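First up is the structure itself, then whatever we jot down about it.
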Amino acid sequence: MFRISGPVYRCVSVALLAVAVWLPGLGLARQEPTQPKADPQQKKDDSAVPASPKEVEKIKDRVIKTKNGLVKFTGAELVAETAIIAYGGRANLKASRSAIREEGTIRLATEQGDASGAYTLREMQRDKSFEDLLRTDLELSPPDAARKAGAPSKIKYTLAFNGASVWASQNEQYITPSPESEAAFRSQLSHDYMSLLRYKEDGSKIELIGPETVVGIDTQVMDLTLPNGEKTRYWISAKTYRILHLEYDLKLPDGSTGRIRVSYYPPYRVVQNTLVPTRIVMEQGGRFVQEINLHSFTYATKLEPEIFQHLQS
């Protein structure tokens, strides 16, 4: 049977399909990350919206006043709490993201060319972000070279986390996900822009590393450590307090490690009074892995828990 194997990650998302779909064994290379190339769209958007420097200062004032002057935030807490407000505020984020459905397109790099297709994500919040129920469905068109070699014209692939384990299916048939796929899929529950926005609820520790200029944009760099010790580094715009990039080390069952970088680009959408990035790009070791473009959002929706347990639509 024609099967997908290899790591799968969602970036808000799915699939670090270091895609052994068409060429098994592509895997994760052990490379150090490189600085990203300048993206004119990101720089333009970051300098223009959603808040001017004066508006950001007002946000800071609001953050400080929430403590009524009785407790001082650390520098890391001030940056994180300002980012939470910039994304819509803790109450709005909790309400709108309680159950979500996002749809769009995905493009994946393989050694036989790029694969592309439809992308759907569904997620239900639990008390901790790393315990959320999660399901992603892909319908991919293999590269021309793969089709000429006998690959089908369309491949449906599902990965889901049911709260205890990861399960998968291909073309409506259950399959056993590889240990690499399971590790990479579960990593998205720990390494996402929402993980920073839910740092307090998760009981995570945050540490402000300091300022850094990335392709002309001033950022604040912050490390987040989950209760289980997993770490993510974030680059947050010093002007708009948007999360621009994150990096983490993905540890695979064979003991190898891959450095993953996720970048969030405009255009942004306001959905139920919260800010949502619509373009997410993943790199591994400085090489392009995948790009997701979101175009449809249904937040605070009704989802049946069974869809995270079984192969049903």
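The values are calculated or read from the model by the stated rules, or taken from the named source; none is laboratory data. Quantities reported herein were computed from a predicted structural model and do not represent experimental measurements. Positions of Cβ are backbone-derived with ideal geometry, glycine not excepted, and every protein chain shown enters the neighbour counts.
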**Prompt:** Does N293 fit the bill of being at pLDDT below 95 and within 26 Å of A99 (Cβ to Cβ)?
**Reply:** no
**Asked** How many residues does the range 172-193 hold that are surrounded by fewer than 19 Cβ atoms within 10 Å (Cβ to Cβ) and within 18 Å of N92 (Cα to Cα)?
**Response** 0
**Message:** Under 6 Å between Cβ atoms, which residue pairs at least 6 apart in sequence (or on different chains) link something in the range 159-173 that is within 17 Å of L121 (Cβ to Cβ) with a partner that is part of a strand (DSSP E or B) and among the charged types (D, E, K, R)?
**Reply:** A160/R135
**In the range 206-265, residue nearest to the chain's Cα centre (by Cα) [restricted to those that are polar (S, T, N, Q) and within 20 Å of Q284 (Cα to Cα)]** = S263
**Prompt:** S169: crowded, with 22+ Cβ neighbours inside 10 Å and not acidic (D, E), yes or no?
**Reply:** no
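Give the residue, chosen from T136, T158, that is in contact with an Asp or Glu (Cβ under 8 Å, 6 or more places away or on another chain), within 23 Å of K302 (Cα to Cα) and not aromatic (F, W, Y).
On inspection, the qualifying residue turns out to be T158.
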**Prompt:** Could you say whether any residue in the range 197-206 is modelled with pLDDT under 95 and not hydroxyl-bearing (S, T, Y)?
**Reply:** no
**Message:** Here's a check for you: in the range 179-231, which residue that is in contact with a Phe, Trp or Tyr (Cβ under 9 Å, 6 or more places away or on another chain) and among the hydroxyl-bearing types (S, T, Y) is nearest to L252 (Cα to Cα)?
**Reply:** S187
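Report those strands (runs of 3 or more DSSP E) wholly inside the range 197-313 carrying at least 1 residues which are out of contact with any Lys or Arg (no Cβ under 9 Å at 6 or more places or on another chain), among the basic types (K, R) and at negative phi. Give the derivation first.
Values: elements: 205-214, 217-225, 231-237, 243-251, 257-271, 274-284, 287-299.
Of the strands (runs of 3 or more DSSP E) lying wholly inside the range 197-313, those with at least 1 residues that are out of contact with any Lys or Arg (no Cβ under 9 Å at 6 or more places or on another chain), among the basic types (K, R) and at negative phi span 205-214, 231-237, 243-251, 257-271, 274-284, 287-299.
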**Asked** Taking interchain pairs and intrachain pairs at least six residues apart, which have beta carbon atoms under 6 angstrom, with the first residue in the range 76-95 and more than 16 Å from L208 (Cα to Cα) and of a type in the set (K, R) and the second at pLDDT below 95 and surrounded by fewer than 16 Cβ atoms within 10 Å (Cβ to Cβ)?
**Response** none
**Item:** strands (runs of 3 or more DSSP E) enclosed by the range 87-145 - at least 1 residues per element that are touching a His at 6+ places or on another chain (Cβ under 9 Å) and modelled with pLDDT of 95 or more
**Value:** 99-110
